[in-house]
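Peer 1: Can you read through this structure? Questions will come right after.
The values are calculated or read from the model by the stated rules, or taken from the named source; none is laboratory data. Note that the structure is a prediction, hence the values are computed from the model and not measured. Cβ atoms come from the backbone with ideal geometry, glycine included; neighbour counts cover every protein chain shown.
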Amino acid sequence: MIAFYMNQHVPRAITEGLRIRGVDVITAYEDGASEMGDPELMNRATELGRVLFTQDDDLLAEAVARQRKGVTFSGVIYAHQMRVSIGKCIHDLDLIAKAGEIEDVANRVQFLPL
């Protein structure tokens, strides 16, 4: 099962919807990391063995830069704020969490919706 790390831009409804479904989720705010820059936030998620979920374009750019440089990270799942509903995010993240392993998304960027 995949555990998620939510950056500070993710709506609380997504986090709570996943928790109700039994998905392991921690937020940057809960971890005391909400003021960290994008590189540090990705490092923190990787240290914790969690896949980072974001709706922040800057974090998406950081993930792509790491891919190009060959820098290891635990994986990023990205959903555009205006193009993917909260319900669809919950559904797709729940599916990814329960059907996958962190190795499936390590060093990759997955876009929602699936």
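Peer 1: For region 88-101, give me the residue count where each residue is more than 15 Å from M6 (Cα to Cα), touching a residue at least 24 places away in the same chain (Cβ under 8 Å) and either surrounded by 14 or more Cβ atoms within 10 Å (Cβ to Cβ) or not basic (K, R) (or both).
Peer 2: In the first step, residues of region 88-101 are kept if they are more than 15 Å from M6 (Cα to Cα); the result is 88, 91, 95, 98-101.
Adding the requirement that they be touching a residue at least 24 places away in the same chain (Cβ under 8 Å) leaves 88, 98, 100-101.
Those still in the list that are either surrounded by 14 or more Cβ atoms within 10 Å (Cβ to Cβ) or not basic (K, R) (or both) too: 88, 100-101.
The total comes to 3.
Peer 1: Within region 1-26, work out how many residues are polar (S, T, N, Q) and either out of contact with any Leu (no Cβ under 8 Å at 6 or more places or on another chain) or without any contact (Cβ under 8 Å) to a residue 12 or more places away in the chain (or both). Walk me through it before giving the result.
Peer 2: At the first step, the residues of region 1-26 found to be polar (S, T, N, Q) are 7-8, 15.
Next cut, either out of contact with any Leu (no Cβ under 8 Å at 6 or more places or on another chain) or without any contact (Cβ under 8 Å) to a residue 12 or more places away in the chain (or both) only: 8, 15.
Of the residues in that region, 2 qualify.
Peer 1: Okay, next question. Taking I26 as the residue in question, decide whether it is within 14 Å of Q110 (Cα to Cα), among the β-branched types (V, I, T), touching a Phe, Trp or Tyr at 6+ places or on another chain (Cβ under 8 Å) and surrounded by 15 or more Cβ atoms within 10 Å (Cβ to Cβ).
Peer 2: Numbers: within 14 Å of Q110 (Cα to Cα): no; among the β-branched types (V, I, T): yes; touching a Phe, Trp or Tyr at 6+ places or on another chain (Cβ under 8 Å): yes; surrounded by 15 or more Cβ atoms within 10 Å (Cβ to Cβ): yes.
When the stated conditions are applied, I26 does not pass them.
Peer 1: Say whether the condition of being more than 11 Å from the chain's Cα centre (by Cα), surrounded by 16 or more Cβ atoms within 10 Å (Cβ to Cβ) and closer than 24 Å to I20 by Cβ is met by at least one residue in region 69-85. Before the answer, list the steps.
Peer 2: To start, the set of residues in region 69-85 that are more than 11 Å from the chain's Cα centre (by Cα) comprises 69-73, 80-85.
Right, trim to surrounded by 16 or more Cβ atoms within 10 Å (Cβ to Cβ) and you get 73, 84.
From what's left, closer than 24 Å to I20 by Cβ: 84.
Yes: one or more hits.
Peer 1: Oh, and also: Filtering region 47-68 down to residues that are of a type in the set (G, A, S) and under 15 Å from the mean Cα position of the chain (by Cα), which residue is modelled with the lowest pLDDT?
Peer 2: A61
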